Amino acid sequence: MMPWYALLPLAAIAFALGWWASRRRNARRSGAAVNELSSDYFRGLNYLLNEEQDKAIEVFLRLAEYNRDTVETHLALGNLFRRRGEVDRAIRLHQHLVSRPNLSEPTKTVALLELGEDYMRAGLLDRAEALFSDLVAMNAHAPSALRHLIAIYQHERDWNKAIEHARRLEVMTGEEEAPMIAQFYCELAERSRQHGARIEARDYLDQAFRCQPDCVRAWMLTGRLRSEEGQHAEAVQAYEAAIGADIAFVPEILPPLLNSYASSQQMDRAERFLRELLEHYHGISPVLALTRLYQQRDGQRAAVAFLTAQLRQRPSVRGLMELLEATMDRIEGEARENFLILRDLTRKLLEGQAMYRCSRCGFGAKAHHWQCPSCKSWSTIRPIHGVANE
Amino acid sequence: MRLIAILVLLFFVAAGVVVGALNADLVGYDFAFARVSVPKGAALLAVLVLGWLLGGLTAWLGMSLRQRRLQRQRRKESGKTPAAA
């Protein structure tokens, strides 16, 4: 009888062959999966680059279904949903990601940051605030979280908290946030002024000057406060300092400045200042102000002569409109009718024009805003210089 | 490629049938607790199949156990994080 162990060498060879075949099969399967994954990933990326977000979402959704552990795919999908305005889907996706037990700490904080942005976009500011505060406390993505918190406090007009967090951001990143903090103090000063708390308003303005000594808005507010208190000479000084700080804001500053000149009976000083301003500033506002000044002091003829001479040097639709208004009384008959048509046309042309533009995002506005309604940057909205504008 | 694989497979099946037919006589095995008599060819085939299956199973078990260990390790690494309300 043949002993059973005589077959053992044959069994060992079969075992080795079976083991090798199984390993090879597994390796091939995972390799195929990786290949399929990466080709899908690049296809999704391609759609993203071509601004075909619908197709990109389709590809990434399939990727996420294929491999439920791919965190990056989920993050990309969440971002896409948020950008397309599907905030509820983005929230669900990021919440699911955060609740995963096997997620590493850095990935979890990224997901939390994204979730906070979803909440912000959905208008759930309290939830977003709680999340970002947690992230700052954990010192995870703290600068981004602080920036979001500052945006939330700006939206809620909680300027004290905005200042506190802007200072923390300044310490954390080393970047200068002083101009923004000065604007927050100006907001506080404006609020105090409206409530009649002048001393408090002045304190806030002092803080704004400490942050940014050449803060135009703080100078303008100082001028307004002085003017309301009847200190017109001091108001004139503040408004002149505002123009000295940033000459671009001349169209905003000139009307209250001219009022203060008139109230303090310093019209000679006004003329000198405006004449000097004409040399440095190439807009039409000082020309129009001087024209009105000459009209009151020297009469219509002198004013029109000055305006005509100036318009040859700096052509402007607003200047032309002023000239038409000034000369209308002296014209009669058919010429008057033509002048009226021209005046109406000029008025309509001016009505449709944006007078201000954000230097950062290009947002156009008819009125001045200290914070751009579109990109939320401070002091970036400036008068447009052109024939139909300033 | 597929045709070659099918031809090789057919060759081995034919070889198996021939070897089985040539070794149809019974052979006895003594496993100490039992004695079995089976055809020589069948015993050869059974040993080969058993060896192959055991080898494959061992490789699969080894890989899946390693994956589980890695997952447990990752779970341990993820610490405390704030709750997303």
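The values are calculated or read from the model by the stated rules, or taken from the named source; none is laboratory data. As the structure is a computational prediction, the values presented were derived from the model and not from experiment. We place every Cβ from the backbone using ideal geometry, glycine too, and count neighbours over all the protein chains shown. When the accessible area is computed, the model is the full protein with side chains, heavy atoms only, and any ligands, DNA or RNA have been set aside. Shrake-Rupley method; radii C 1.70, N 1.55, O 1.52, S 1.80 Å.
So that you can scan it fast, the table gives a plain yes or no per residue for (1) outside any loop (DSSP other than H, G, I, E, B); (2) in contact (Cβ under 8 Å) with a residue 60 or more places away in the chain:
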{"position": "A:M321", "(1), (2)": "yes, no"}
{"position": "A:R336", "(1), (2)": "yes, no"}
{"position": "A:D344", "(1), (2)": "yes, no"}
{"position": "A:L349", "(1), (2)": "yes, no"}
{"position": "A:G362", "(1), (2)": "no, no"}
{"position": "A:P373", "(1), (2)": "no, no"}
{"position": "A:R382", "(1), (2)": "yes, yes"}
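Which of the residues belonging to segment B:54-70 are surrounded by fewer than 18 Cβ atoms within 10 Å (Cβ to Cβ) and closer than 12 Å to A:I13 by Cα? Matches in segment B:54-70: B:L54 only. Taking the listed residues A:A162, A:A145, the one that is touching a Leu at 6+ places or on another chain (Cβ under 6 Å) and outside any loop (DSSP other than H, G, I, E, B) is A:A145, with no other qualifying. If you take the residues in segment B:16-53 that are of a type outside the set (A, V, I, L, M) and closer than 18 Å to A:R24 by Cα, which one is least open to solvent (accessible area, probe 1.4 Å)? In this case the residue turns out to be B:G51.
Scanning segment A:108-132 for residues that are open to solvent by 10 Å² or more (accessible area, probe 1.4 Å), assigned to a helix (DSSP H, G or I) and more than 9 Å from chain B (Cβ to nearest Cβ) gives A:V110, A:L113, A:E114, A:E117, A:M120, A:R121, A:A122, A:L125, A:D126, A:E129. Across segment A:87-107, the number of residues qualifying as more than 30 Å from the chain's Cα centre (by Cα) and more than 7 Å from chain B (Cβ to nearest Cβ) comes to 4.
Residues that are facing chain B (nearest Cβ under 9 Å) and open to solvent by 50 Å² or more (accessible area, probe 1.4 Å) were ranked within segment A:134-164; the one that is nearest to A:Q95 (Cα to Cα) is A:D134. A residue that is touching a Gly at 6+ places or on another chain (Cβ under 6 Å) and either surrounded by 14 or more Cβ atoms within 10 Å (Cβ to Cβ) or farther than 29 Å from A:Y47 by Cβ (or both) can be found somewhere in segment A:74-92.
Condition check ((1) on the phi < 0 side of the Ramachandran plot; (2) aliphatic (A, V, I, L, M); (3) more than 9 Å from chain A (Cβ to nearest Cβ)) across all residues:
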{"position": "B:G16", "(1), (2), (3)": "yes, no, yes"}
{"position": "B:G20", "(1), (2), (3)": "yes, no, yes"}
{"position": "B:N23", "(1), (2), (3)": "yes, no, yes"}
{"position": "B:G28", "(1), (2), (3)": "yes, no, no"}
{"position": "B:F31", "(1), (2), (3)": "yes, no, no"}
{"position": "B:V36", "(1), (2), (3)": "yes, yes, no"}
{"position": "B:A43", "(1), (2), (3)": "yes, yes, no"}
{"position": "B:W52", "(1), (2), (3)": "yes, no, no"}
{"position": "B:G56", "(1), (2), (3)": "yes, no, no"}
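Residues that are closer than 23 Å to A:I243 by Cα and not in a helix (DSSP H, G or I) were ranked within segment A:270-314; the one that is most open to solvent (accessible area, probe 1.4 Å) is A:H282.
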